[in-house]
Structure formats: C-alpha cells, structure tokens
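Q: The structure follows.
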Amino acid sequence: MFKGLYTAYTGMINEQHRMDVMTNNLANANTNGYKKEGATSQAFDDVLAFKLKDTSEAARTTRAVGINNLGVKIGEGYTDYSQGPMKGTENSFDLALSGSGFFTVSYTNKNNETSIKYTRDGSFRLGTNGYLMTHDGDYVLSTTGGRIRLNPLLDFRVDINGNIMQGDDNTPVAQLRIRDFVDYNYLEKFGENYFQPVDGARFQEADAKVYQGYLETANMSVVTEMVNMINISRAYETNQKVIQTYDSTLETAVTQIGRL
C-alpha cells in the first residue's frame with residue numbers, strides 16, 4: 001500500500017519540475033532568440049531495463065539495482081533549437097539568422113573577465129566609439145575575431161552573408177562571425193539567450209543567412225505552453241487525489257479495522 005503513496009509522490013515532484021520548465025518558457029516568450037526548453041521523465045520499468053542491459057558491470061556479479069520505487073524519475077532536460085518566427089522591425093541594427101548558426105559576441109562578466117558566447121539574438125546597437133554591441137553591452141565579433149567598428153555618420157548595409165558595408169561604394173567594413181556546431185548537445189545555456197560550448201563541442205560551417213531589419217523571436221507558442229500547463233496541473237491534482245485516497249484508506253485501517 002505504501003508503494004502507491006511513493007508513486008503518487010514522485011508523480012507530483014515530476015509534474016512540479018515540468019511546471020517550472022513551462023513557466024520559464026512563458027517568462028521568456030518576448031526574449032529575442034530564446035530557445036524553449038523541455039523536460040523528460042523515466043518510469044520504473046525504463047530505469048530497470050537500462051540497468052539490466054548495463055554491460056559495464058562484471059559478468060555474473062550479484063548487485064542490487066539500488067534504491068528505487070515504482071514512481072517516476074525526473075529525466076534529462078533538453079533545448080529545442082528549431083528556428084523561431086521572424087518579425088520586421090525596420091531597424092537597421094536588428095539582424096536575424098535564417099538557418100543554423102549563432103552570432104559571436106565577446107561577453108564580459110562582473111569581474112571584467114571576457115569569454116566568447118553565442119546567441120541568436122540580433123538586437124544590436126551602436127556603442128561607444130562606434131562599436132557594434134548587444135543591448136547588454138557585449139561586443140559583436142567579426143570573422144577576424146575582433147570587434148566591429150562602424151562610422152556613426154554613415155548608414156550601413158548587411159547582406160545575407162553577414163558582410164557589413166558603408167559608404168557610397170558599399171565598401172565592406174567587416175563580416176559577422178557566424179559559428180555553428182556539429183552537435184548541439186555540447187551546448188549549454190548561459191543567461192537568457194546566450195549559449196556556450198562544453199568539452200567535446202566541435203565547430204562546423206554555418207548554413208545561415210542574415211536579414212537586416214528583422215529579429216528572430218522565441219520559438220514557442222504561448223497558447224501551446226498554456227495548454228501544457230493545464231495538463232500538468234490536472235496530472236498534479238490526480239496524484240494529489242491518489243494520496244488522499246490512500247490516506248483515507250490508511251485512516252480506516254487504523255481506526256476501524258484495528259478495533260475488531
């Protein structure tokens with residue numbers, strides 16, 4: 001009987017975790033270039049089957065499966081890197097990527113330490129001394145690895161290959177450094193819309209086109225996320241009712257059956 005309590009309890013914990021992920025997605029619905037996250041779960045039979053097929057243990061060794069219950073185990077989280085919708089802004093400093101790849105920026109933390117980050121958020125501005133920067137004050141990098149400096153007195157144009165041109169003769173000033181990765185599983189989120197590679201990440205040629213005057217929005221639907229939240233809430237309430245039923249049964253067993 002007590003196993004049912006633990007099963008319902010783990011179900012509630014799992015639904016709470018899913019709710020945290022969904023609410024974070026909704027909180028970033030208006031974040032440019034945001035990639036939505038998801039949560040997975042594993043049932044007891046999946047965990048047990050994986051353990052039985054584990055060939056890392058020596059042959060014919062007796063070892064317990066471990067501390068397990070018949071409930072749900074929170075699995076790994078994941079990020080959906082699919083293309084988000086584009087919106088027109090008529091702002092020449094707004095750039096959007098179509099296809100795979102990321103803008104490269106030089107990020108500076110509070111300790112004045114710099115590192116390379118990657119983002120799909122192309123909401124840029126002209127900073128101090130004419131440098132192209134993000135709205136957080138990080139420098140946008142060119143293919144040479146240096147900062148991009150523009151003449152504030154001249155208009156500029158960006159072609160689909162990321163070449164930035166100024167002047168009447170459209171002289172190239174710099175080219176945006178757009179990088180892509182072989183396996184996105186070797187990327188981790190940093191902040192709201194930055195990504196950074198982890199050990200094992202490998203670069204590949206980016207298949208992306210740059211569109212000036214556009215921004216890529218979050219790749220999520222508010223309506224879909226709200227529907228998912230309703231389903232999660234109902235699943236959570238179902239587990240609550242299971243616990244209440246078990247509690248009522250145990251109370252009957254203790255107060256009434258014990259009298260006989």
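Q: Testing Ala201 on (1) closer than 23 Å to Lys87 by Cα; (2) within 25 Å of the chain's Cα centre (by Cα); (3) surrounded by 13 or more Cβ atoms within 10 Å (Cβ to Cβ), one condition comes back false. Which one is that?
A: (1) is the only condition that Ala201 fails.
Q: Tell me the residue from Val173, Val182 that is surrounded by 15 or more Cβ atoms within 10 Å (Cβ to Cβ) and either under 22 Å from Thr108 (Cα atoms) or of a type in the set (A, V, I, L, M, F, W, C) (or both), please.
A: Details: Val182 fails: surrounded by 15 or more Cβ atoms within 10 Å (Cβ to Cβ).
Result of the check over Val173, Val182: Val173.
Q: Restricting the stretch 227-260 to residues that are touching a residue at least 12 places away in the same chain (Cβ under 8 Å) and hydrophobic (A, V, I, L, M, F, W, C), which is surrounded by the most Cβ atoms within 10 Å (Cβ to Cβ)?
A: Ile232
Q: Which residues, counting only those in the stretch 210-236, are polar (S, T, N, Q) and either assigned to a helix (DSSP H, G or I) or under 15 Å from Met22 (Cβ atoms) (or both)?
A: Asn219, Ser221, Thr224, Asn228, Asn231, Ser233
Q: Could you check the stretch 180-226 and list, in sequence order, the residues that are of a type in the set (A, V, I, L, M) and either under 13 Å from Asp121 (Cβ atoms) or in contact (Cβ under 8 Å) with a residue 24 or more places away in the chain (or both)? Spell out the reasoning first.
A: At the first step, the residues of the stretch 180-226 found to be of a type in the set (A, V, I, L, M) are 182, 187, 198, 201, 206, 208, 210, 215, 218, 220, 222-223, 226.
Those that are of a type in the set (A, V, I, L, M) and either under 13 Å from Asp121 (Cβ atoms) or in contact (Cβ under 8 Å) with a residue 24 or more places away in the chain (or both): Leu187, Ala206, Ala208, Val210, Leu215, Ala218, Met220, Val222, Met226.
Bear in mind these aren't lab numbers, they're just calculated from the coordinates by the rules spelled out. Keep in mind that what you see is a predicted model, and the values were worked out from it rather than measured. Neighbour counts run over all protein chains shown; Cβ positions are idealised from the backbone, glycine included.
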